[in-house]
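Have a look at the structure below, then the notes.
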Amino acid sequence: MITGKNYIGAAQSATGSKTYKTFDPKLNLETEWTFTEATAEEIDNAVSEASSAFKLYSATSATEKANFLRVIAQEIEALGDTLIQTYMKESGLPEGRAKGERGRTMGQLNAFAALLEEGSWVDATIDTAQPNREPMPKVDLRKMLVPIGPIVVFGSSNFPFAFSTAGGDTASALAAGCPVIVKSHPMHAATGEMVASAVLRAVEKSGMPNGVFSNLNSSGIEVGQQLVMHPKVKGVGFTGSIKGGTALYRLANQRDEPIPVFAEMGSINPVIALPSALTEKGDDWAKNYAGSITLGAGQFCTNPGLILGIKSSSLDNFIKVLGTSIEELEPFCMLHPNIYNGFENGKKELSSQGGVDVVAEYSAEAAPNYAKQKVLTVNGANFLKNTKLHQEVFGPFSVVVRCEDATQLAEIIEKLEGQLTGTILGSKEEISSHSAIVTALQGRVGRIIFNGVPTGVEVCPSMHHGGPFPASTDSRFTSVGTSAIKRWVRPVAFQNWPQEALPAALKNDNPLGINRLVDSKFTYDKI
Ligand code: NAP
């Protein structure tokens, strides 16, 4: 049952007077549920409980935490079809996507559980003492990663499961040993509440401390601001707009004690179509990209919003086929009227820029909140001088740039803001014959793709989902894959510390059986 209340640890609370409802974009109607926004006191209670829980939770064993994560996954699955139907109602996304995303969310929780059970992720590094070293003896030094404290997670609008309540940010922070306070996304607060109830059942079943997880409602920026400013909060995970992410990043840096904000924000994910891709497979790539641009109504952070090629008849043909293919596709329901309106405004703004031509726009009637896909084209010089054209339009939209030559193409890439992904379409030989372009692209992105589409983010240890600002606020870290845990930890070095008082990961006899860097050699051996 949806209560519309805030979950402060195990307690439910709704003392505030500000309420809001979620929206069914397919029916174009508000849902039946009403949510009460968290008050300043409820926010303080949730953070204080998290801070108390941190002392106990950070000391629980890896096995206990792994069990907790696995039970969360089971409890989410146990919510069954009611959860799937709630997700679909609040997002307009289809059943296949809902089930796939639920599977991904459970897979992420289980992957972090396996990471904890294996244990080597703590980066145990040991340099044994050399008492006889000349001219000075060397001390015994042992370093490992430890959790930083309570984390605030801002659920994203476009992944109600995988980047929200029990999504990648929450799973990685809980795995690291950090309690989590979720600032529920107002577009899918019922989905969020159901998942929160599953997490809280898992807290109880696996004997975790109360306060290790809370879920707060909010429909405006105040709750998030108060959470980020709370002195007991030690880190923030965010997925959403550049405007929202940078505002929170700045706020966190104004605190007496600044804290890290890991914000994954907008990206236009440039795609470079090198000459052979256009001459040999131009039609195929055009059809493929029509699918990638419109996938999930273009509501993906890896959506290809920019395609760059060198002017030629084969580029003209690619643009023509892309245009006809994209016009043939049926529009898709967007997540919320606000997202739909943002898409319409973005399309309008970019279409009105100088030198821009429309390649294609879906023109038939469509139901309310259904995105009409659009593709524009512009020449390289106009694109270079007008940075408005470099902006993300969140939805099924892309700009194809006809560059004068390879030099102009490389110059454009160098002038782009940081991106999550960049794609090269071409032959293996062109990677070396167009090295200036490839090198420029690698300098602007977090993931570089060869002959593929950027949509579809594999969840695995080698994934990097983050890029130079403003794609993310810290390009050294990923929000997808098990390396995401590294955002919520810091190294601590123990100098000349007695064996019995060292954490298990650093003891001589390696009781956890983990891989460690001992005197500069990786080993599972005891010392
Ligand atoms: P958003 O406006 O960035 O909001 C995301 C979350 O941050 C919301 O919970 C919002 O709270 C909060 N927030 C925003 N600005 C804030 C501020 N100044 N202070 C405190 N909290 C703040 O994004 P959205 O509403 O989820 O989606 C809108 C746009 O974000 C899309 O059109 C798209 O451009 C972008 N987006 C990008 C990605 C991506 O993966 N890169 C994903 C989703 C969305 P309230 O809603 O309660 O105000």
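Restricting Ser325, Ser312 to residues that are over 30 Å from the mean Cα position of the chain (by Cα) and more than 16 Å from the ligand (Cβ to nearest atom) narrows the list to Ser312. Looking at segment 84-128 only, could you name the residues that are polar (S, T, N, Q) and part of a helix (DSSP H, G or I)? Across segment 84-128, the qualifying residues are Gln85, Thr86, Ser91, Thr105, Gln108, Asn110, Ser120. With the condition kept exactly as written, say whether any residue in segment 86-98 is more than 30 Å from Lys26 (Cα to Cα), free of Cβ contacts under 8 Å to residues at least 60 places away in the same chain and open to solvent by 50 Å² or more (accessible area, probe 1.4 Å). Checking segment 86-98: not a single residue is more than 30 Å from Lys26 (Cα to Cα), free of Cβ contacts under 8 Å to residues at least 60 places away in the same chain and open to solvent by 50 Å² or more (accessible area, probe 1.4 Å).
For Ile148, state whether it is open to solvent by less than 10 Å² (accessible area, probe 1.4 Å), touching a strand residue (DSSP E or B) at 6+ places or on another chain (Cβ under 8 Å) and more than 16 Å from the ligand (Cβ to nearest atom). The answer is no for Ile148.
Residues that are open to solvent by 10 Å² or more (accessible area, probe 1.4 Å), within 16 Å of the ligand (Cβ to nearest atom), modelled with pLDDT of 95 or more and among the hydroxyl-bearing types (Ser, Thr, Tyr): does segment 450-464 have at least one? Yes, some residue in segment 450-464 is open to solvent by 10 Å² or more (accessible area, probe 1.4 Å), within 16 Å of the ligand (Cβ to nearest atom), modelled with pLDDT of 95 or more and among the hydroxyl-bearing types (Ser, Thr, Tyr).
Scanning for something in a loop (DSSP other than H, G, I, E, B), closer than 30 Å to Leu27 by Cα, free of Cβ contacts under 8 Å to residues at least 60 places away in the same chain and in contact with a Pro (Cβ under 7 Å, 6 or more places away or on another chain), does segment 289-309 turn up at least one residue? No. Take Val271 and decide whether it is of a type in the set (Val, Ile, Thr) and either free of Cβ contacts under 8 Å to residues at least 24 places away in the same chain or over 30 Å from Gly380 (Cα atoms) (or both). Against the criterion (of a type in the set (Val, Ile, Thr) and either free of Cβ contacts under 8 Å to residues at least 24 places away in the same chain or over 30 Å from Gly380 (Cα atoms) (or both)), Val271 does not qualify. Residues in segment 428-449 that are surrounded by fewer than 18 Cβ atoms within 10 Å (Cβ to Cβ) and assigned to a loop (DSSP other than H, G, I, E, B): 1 in all. Among what's in segment 255-264 and is in contact with a Lys or Arg (Cβ under 9 Å, 6 or more places away or on another chain) and more than 27 Å from Gly298 (Cβ to Cβ), pick the residue that is nearest to the ligand (Cβ to nearest atom). Once the filter is applied, the top-ranked residue is Ile259. Looking across segment 330-341 at every residue that is open to solvent by 40 Å² or more (accessible area, probe 1.4 Å) and not polar (S, T, N, Q), the one that is nearest to Pro94 (Cα to Cα) is identified as Phe332. Considering (1) surrounded by 22 or more Cβ atoms within 10 Å (Cβ to Cβ); (2) part of a loop (DSSP other than H, G, I, E, B), the lone condition that Glu257 does not fulfil carries the number (1).
The single condition among (1) crowded, with 23+ Cβ neighbours inside 10 Å; (2) within 15 Å of the ligand (Cβ to nearest atom); (3) over 30 Å from Leu409 (Cα atoms) that Ser267 does not satisfy is (3). The helices (runs of 4 or more DSSP H) found entirely in segment 161-254 that carry 1 or more residues being open to solvent by 10 Å² or more (accessible area, probe 1.4 Å) and either more than 15 Å from the ligand (Cβ to nearest atom) or on the phi < 0 side of the Ramachandran plot (or both) are 189-205, 221-229, 242-254. Of all residues in segment 270-283, those that are touching a strand residue (DSSP E or B) at 6+ places or on another chain (Cβ under 7 Å) and either surrounded by 22 or more Cβ atoms within 10 Å (Cβ to Cβ) or part of a loop (DSSP other than H, G, I, E, B) (or both) total 7. Taken together, the residues in segment 8-66 that are of a type in the set (Gly, Ala, Ser) and in a loop (DSSP other than H, G, I, E, B) amount to 9. On the basis of being under 29 Å from Ile259 (Cα atoms), of a type outside the set (Lys, Arg) and in contact with a helix residue (DSSP H, G or I) (Cβ under 6 Å, 6 or more places away or on another chain), does Ile514 make the cut? For Ile514, the condition - under 29 Å from Ile259 (Cα atoms), of a type outside the set (Lys, Arg) and in contact with a helix residue (DSSP H, G or I) (Cβ under 6 Å, 6 or more places away or on another chain) - is not met. Selection over segment 17-43 of residues that are under 21 Å from Gly149 (Cβ atoms) and either within 26 Å of the chain's Cα centre (by Cα) or open to solvent by less than 20 Å² (accessible area, probe 1.4 Å) (or both) gives a count of 3.
Ser435 meets all of the listed conditions (1) in the same structural domain as Ile310 (by TED's automatic domain parsing); (2) closer than 29 Å to Val359 by Cβ but one, namely (2). Would you be able to say whether some residue in segment 74-89 is within 21 Å of the chain's Cα centre (by Cα), within 17 Å of Gly211 (Cα to Cα) and assigned by TED's automatic domain parsing to the domain that holds Arg201? The answer is no; no qualifying residue exists.
The values are calculated or read from the model by the stated rules, or taken from the named source; none is laboratory data. Just so we're clear, the structure is a prediction, and the values are computed from it rather than from any experiment. No Cβ is skipped: glycine too gets one built from the backbone with ideal geometry, and neighbour counts run over all protein chains shown. Quick note on the areas: whole protein, heavy atoms, side chains included, nothing else; ligands and nucleic acids left out. Shrake-Rupley method; radii C 1.70, N 1.55, O 1.52, S 1.80 Å.
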